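The values are calculated or read from the model by the stated rules, or taken from the named source; none is laboratory data. It should be emphasised that the depicted structure is a prediction, and the values quoted were computed from it without experimental measurement. With ideal geometry, Cβ positions are generated from the backbone for all residues, glycine too; neighbour counts draw on all protein chains shown.
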Amino acid sequence: MTSNVIRCTDRVALDEWHVLAAVTELPVGQPKTTRLLDTDLTIERQLDDTVSVRLGATALPARLKFGYVWTSLGSPDHELFDIPEYAEADRRNLNAASVGLHVSAPRAVENFLDLGHFAFVHTNYLGVEPYTEIKPYKVEITEERGEIIATKCLAYQPMSSLVATEGYEVEYLYRVPHPYCAILYKANAADLDRQDVIAIFLQPASEERVVAHMLLSMLDENSSDAEMRAFQQLIFSQDKPILENQVPKRLPLNLRSELSAKADASSSTYRRWLADHNVRYGTLPA
Amino acid sequence: MENNKGWFPVARVEEVVPRHVVQAQLMGQEVAIWRDDQGQVNAWENRCPHRGVRLSIGINDGKELRCRYHGWHYASGSGQCTFIPAHPSQKPANVIKAKPYGVAERYGFVWVNLGEDADIAEVPALGLNAFTTLRSIYVAAPVAAVAGHLAEQGFAPAGDFILENGSGTTLLIQPMDSGQTIVHGLAAGEVDGAERLALLRRHNTSLTEVRDAAERAAA
Amino acid sequence: MIKLYDFELSGNCYKLRLLMNILGVKFERIALDFYPGREHRSPWFLKINPLGQLPVIDDDGFVLRDAQAILVYLAGKYDPSGLWYPQGAAEMQGRIAQWLGFADAITATASAARLHDGLFYDVDIDKARAGAHALFRVLDEHLWFAEQEGQDWLCSSGHPTVADIACFPYVMLSEEGGINRLPYPAIRRWTDRVKRIPGFTVMPGIFPADAVSV
């Protein structure tokens, strides 16, 4: 059911910023329709690279950040989160892909945070049997912005990125700064003091459908944009049949609906966090 | 009149082949059906209790069913989780198990009962000693509509979700959900070879006509 | 070495990667930026294939487009067993051609639905899905009766042919276009059999039949 009237009643979702498109994928001067929270919006990129967002005839706020256009159907009391690394001079910043997926945004966030599936879903890339053990890692909520941070997440990866020449134990840091966005930081294979950044920004088209926009903010002097995108598209396409075969599509916030193991610490924290923030769109209440 | 007491056929026995998982649906509930290498058949809620991924896309390794997402292993019979790859040296908590439904093999079909206290003794008795199972026909129409069109072909109720045409064919109705139905069939007597193939084709043709009529009406 | 103009997520390109893997034929993948770059519509590629479509192969100067045509060529040239595309057997070649045509119809429906749902291609989605279901019904019935006669494959009893390879990918990826295979149990058994062909390899979105480890 699509509409120019806002039907979504979840105040938390309405008063949040949501991603709509990668600016470089918008043809100049050609209005494009896209769906957010069951509402059809029109976006149009101008010659000067500004982007307008409209609901029917009404202009909506438009923010350009990380190479994407973001909007809100309500009145956010905060600005969009930051990713300081994005501004570094030697970063390669690009949208890997914007892909439609038949699943809720929270399920997609959880999959992004998940470590235990690497050997089974991304076999010979991000993981391989028998190196399946997930050692305990740390999850906390930050004081400053109330974001979820998971640290010391370790996984043995045969081919963790395009520049990896051999398998090694990779350390990840995960950050959830928004109900439908997640960011991962992994030590760059060539410069272990700095991190590659990969983010997933979910556009909740409906409670059970999303557009997944994937930001790459990488330190890589050698790979082409197309090569970097291709690798991320490959990884994401491996997750697709898993996400589209999860039942129910919405994320259950009752911690007893689905059973967790210790390796699921991020997921359990995320579910509690969504419940604490009263996020109803895309979830099943506790 | 035979009361099916919640028992429904969901697949032909010979179609639950080794190292495969059948995806079925009964009254809105998806069921994963699989056979271990010893021949024991399982009918489980089609959802891994961990993160809800369908078990029907999982791996039947002949002894256990492995979920495709995180590789959790579930034992044939009990559904007990026996191994969690993320914690390989720990025994999974007893509470972690796939949910088995009542299951039986009768008259060449796998029967499933979604109820809590399913009693195998209550699988409908069809009074058939020799029979040939026919091709199961999927119809995108509600049970009542299908039954109505079957009535036009001479099939009259002989029990809950059981119809007979008086000339040796018994139909067993599996309601998938409010808009989808599967019609399983049995012909009395055991037939072989060319005669059997001819029977299968005839039945398939006539049930396909019923399907098409029911779907046109439902559209 | 054969050059394959390729896109990782294309089911049509995967048909050739799959058959070449099964036959043990070495090939070099030339990756095109299909999305978002639309490189398959770029001037340099249109010189290679004026239809602007993948896959294309270049076998030491012999250039061929169209996944089904390439399957026929590869089987003819590189299959010493002669089983993947039997030569000099008119009925068998006719059957194979019939199912290669069917594979094209699967592309026009199931693959179109997948591109619509995943990459927002402008497709009549209801028509594409209905079209795919109509084809899957025919396929399921064909495979069911084949099984009743002891046949595991689309065209022959003992061995798969290029017809099985041609029909497999977009059937297997159909759920990405909202086409579920629950009503087609014979198709589901057949896809498991295809996955067990020695030399089978996956593409993103398709899982192997068995666990790699014990």
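Points to keep in mind about this one:
- Within segment C:1-77, strands (runs of 3 or more DSSP E) holding 1 or more residues that are within 14 Å of chain A (Cβ to nearest Cβ) and β-branched (Val, Ile, Thr): C:27-31
- Check on A:Leu184, crowded, with 18+ Cβ neighbours inside 10 Å, in a strand (DSSP E or B) and touching a strand residue (DSSP E or B) at 6+ places or on another chain (Cβ under 8 Å): yes
- Which listed residue, of B:Ala187, B:Ala213, B:Ala218, is surrounded by 13 or more Cβ atoms within 10 Å (Cβ to Cβ), in contact with a helix residue (DSSP H, G or I) (Cβ under 7 Å, 6 or more places away or on another chain) and at pLDDT below 95: B:Ala218
- Just one of the listed residues (A:Asp220, A:Asp225) is away from chain C (no Cβ under 12 Å), closer than 23 Å to A:Leu94 by Cα and surrounded by fewer than 21 Cβ atoms within 10 Å (Cβ to Cβ), namely A:Asp220.
- Evaluation of A:Pro241 against the conditions (1) part of a loop (DSSP other than H, G, I, E, B); (2) within 14 Å of chain C (Cβ to nearest Cβ) shows that the sole unmet condition is (1).
- Subset of segment B:164-198 [among the β-branched types (Val, Ile, Thr), within 18 Å of B:Asn129 (Cβ to Cβ) and out of contact with any Ser or Thr (no Cβ under 6 Å at 6 or more places or on another chain)]: B:Thr169, B:Thr170
- Flag if A:Ala62 is closer than 30 Å to A:Leu162 by Cα, within 21 Å of the chain's Cα centre (by Cα) and away from chain C (no Cβ under 14 Å): no
- Screening C:Leu143 with (1) assigned to a helix (DSSP H, G or I); (2) under 16 Å from the mean Cα position of the chain (by Cα) gives one miss only, at (2).
- If you go through segment C:107-138 and keep only what is under 19 Å from the mean Cα position of the chain (by Cα), away from every other protein chain (no Cβ under 11 Å) and over 19 Å from C:Leu182 (Cα atoms), you end up with C:Thr107, C:Ala108, C:Ala112.
- Pairs with Cβ under 7 Å, 6+ apart, first in segment A:220-245 and touching a residue at least 60 places away in the same chain (Cβ under 8 Å), second of a type in the set (Lys, Arg): A:Asp220/A:Arg92; A:Met228/A:Arg92; A:Ile242/B:Arg68; A:Leu243/A:Arg107
- Strands (runs of 3 or more DSSP E) lying entirely in segment B:100-199 (those with 2 or more residues that are farther than 16 Å from B:Ala214 by Cβ): B:102-106, B:109-113, B:131-133, B:156-159, B:162-164, B:169-177, B:180-188
- Qualifying residue in segment C:73-95 (condition: under 15 Å from the mean Cα position of the chain (by Cα), buried (at least 16 other Cβ atoms within 10 Å of the Cβ) and either of a type in the set (Val, Ile, Thr) or under 30 Å from A:Gly100 (Cβ atoms) (or both)): no
- Taking segment C:173-206 as the range and being in a helix (DSSP H, G or I) and over 17 Å from C:Val138 (Cβ atoms) as the test, the residues that pass are C:Glu175, C:Glu176, C:Gly177, C:Asp192, C:Arg193, C:Val194, C:Lys195.
- Taking segment C:175-186 as the range and being crowded, with 23+ Cβ neighbours inside 10 Å and either away from chain A (no Cβ under 11 Å) or at positive phi (or both) as the test, the residues that pass are C:Ile179, C:Tyr184, C:Pro185.
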